[in-house]
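Down below is the structure, laid out as structure tokens.
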Amino acid sequence: MPHPYLTPEHEEFRQVFRRFLDTEARPYFSEWEHRRQVPREFWRKMGSHGFLCPMVEETYGGSAADFGYAVVITEELERIGSGLGGIGLHNDIVVPYIVQYARPEMKAHWLPRCASGDIITAIAMTEPEAGSDLASIRTVAERDGDGYVVTGQKTFITNGGQADLVVVAVKTDPTAKPPHRGISLLCIEADTPGFRRGRVFHKIGQHSQDTAELFFDHCRVPRNHLLGREGEGFRYLTENLRQERLMVAIAAQAGMERALELTREYVTRRIQFGQPLSRLQTIRFTMAELYTRVQVSRAFIDSVIVRHMEGSATVSDASMAKWWATDTAKAVIGACLQLHGGNGYMEDYEIARRYRDIAVMPIYAGTNEIMKTIIAKEVLD
């Protein structure tokens, strides 16, 4: 299905990027999954070829590319494996906060190295006692002279194991009413005294995407590391979560398309009862149903991407896309694993990894239950 928002230039870029990944990522991806980390060398290769932070202005090392390029990069990374999702988080979720809200001198300091791969970024919102309920975070940033002193803990932080720069949601006014008005965003560099990494978690899936806990023990942060204005952090997060959730939907869509591609190859070559599985009516009906579900999902996701690029997509649009694509992908990939039979349960087959990796997508970036709450609020209240 052609994407209505992509030009021939986007598709030419896709082919260049796919060739790069086939050379620099695909042969090594299983090793990265085993080591549970994407090496910095690969980040720097991405940067040297212009595949990091494409939306950043040329002044800061980017190419001022439109959102269509971000879609292509996310889709092609997902074709290799969901464990590369930390790169998409860096490109399309964290760096946009710096682009939009950082002071000019800090943009000049950070963005060129984000684009080169010398800085890996993360965003830290979730805490042990605050997941979807962001307003209840307990990490505090107290004003002290010309800066802040940060104390608290974050968990489940993508790229947390090797991030050099973390956008951290903090309470600058713990007494604010309502509580979300006391939230601000600070950029904290990993070499700041008082910053410490905790465990790098062993997850069910997405093994090469490092996910860690972070600690801040009287961590002193300069005032110019504040993003935007004090007390506006919740609003910034709400606005930018729209794109984050859309990027999760795009990855889920690409993941189920890859799973269906793998399954088509399997059922056409696997011989049972003297013929390929693809000749059995039950298999044919199942594949017909899966292809239809994937195509319907693609049409909806593409429509939201178009609205996002036009600036008209709502929070509910992004929430629908995230809920629909991740739940659909979970069901489709589960059915694809079933069609692989016992082989699907073996790590030798890519579908096993796809099955593990999709499990978290309905959970992160806001659970799908939260997505339904957002949608219901818009359509009913």
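The values are calculated or read from the model by the stated rules, or taken from the named source; none is laboratory data. The structure displayed is predicted, hence computed values, not measured ones. A quick note on method: Cβ atoms are made from the backbone with ideal geometry, for glycine too, and the neighbour counts reach across all protein chains shown. Each accessible area value is taken on the protein alone, full model and side chains, heavy atoms only, with ligands, DNA and RNA left out. Shrake-Rupley method; radii C 1.70, N 1.55, O 1.52, S 1.80 Å.
Tabulated data
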| read-out | value |
| --- | --- |
| Above-threshold pairs, the threshold being 30 Å between Cα atoms, out of LYS45/LYS107; LYS177/LYS330; LYS107/LYS330; LYS203/LYS372; LYS45/LYS171; LYS171/LYS322 | LYS177/LYS330; LYS107/LYS330; LYS45/LYS171 |
| Centroid-to-centroid separation of segment 1-40 and segment 194-273 [C-alpha atoms, Å] | 17 |
| Scattering profile of segment 238-381 at q = 0.10, 0.11 Å⁻¹ [log10 I(q)/I(0), Debye over alpha-carbon scatterers] | -0.38, -0.45 |
| Convex hull per residue volume in Å³, alpha carbons only, for the chain | 138 |
| Distribution of pairwise C-alpha distances over segment 167-308, 5 Å bins, in % | 2, 7, 11, 11, 12, 12, 11, 9, 7, 6, 5, 4, 3, 1, 0 |
| Relative counts (whole %) of C-alpha pair distances in segment 52-164, using bins that are 10 Å wide | 13, 36, 35, 15, 1 |
| Span per principal axis, largest first, for the Cα atoms of segment 208-252 (Å) | 38, 28, 14 |
| Globularity index of segment 98-186, i.e. its alpha-carbon radius of gyration over 2.2 N^0.38 Å | 1.15 |
| Loop-exposed GluC sites (Glu not before Pro) per DSSP, neighbour cap 14 Cβ within 10 angstrom, longest uninterrupted part of the chain | 130-346 |
| Rounded, prolate or oblate (a/c below 1.5 giving rounded, otherwise prolate when a/b exceeds b/c) for segment 1-118 by Cα gyration tensor | oblate |
| Cα-Cα pairs of segment 111-245 separated by more than 27 Å (percent) | 15 |
| Kirkwood hydrodynamic radius of segment 182-256, Cα pairs, Å | 15.2 |
| Heavy-atom accessible surface of segment 84-211: percent carbon and sulfur, 1.4 Å | 51 |
| Cα point-scatterer Debye curve for segment 313-377, base-10 log of I(q)/I(0) at q = 0.17 Å⁻¹ | -0.61 |
| Protein accessible area in segment 212-254, 1.4 Å probe - carbon and sulfur % | 48 |
| Rounded to 10°, Cα long-axis angle of helix 8-24 versus longest principal axis of the chain | 90 |
| For segment 40-86: span of alpha carbons on each principal axis (Å, largest first) | 31, 25, 14 |
| Extended-chain gain in nm, criterion 0.36 nm per residue less alpha-carbon gap, ARG197 and ALA108 | 29.4 nm |
| Folded to 0 to 90 degrees: helix 233-269 orientation relative to the chain principal axis, Cα | 20 |
| Alpha-carbon Debye profile of segment 284-337, log10 I(q)/I(0) at 0.16 Å⁻¹ | -0.51 |
| Normalised contact order of the chain, rounded percent, pairs of Cα under 8 Å and 6 or more residues apart | 16 |
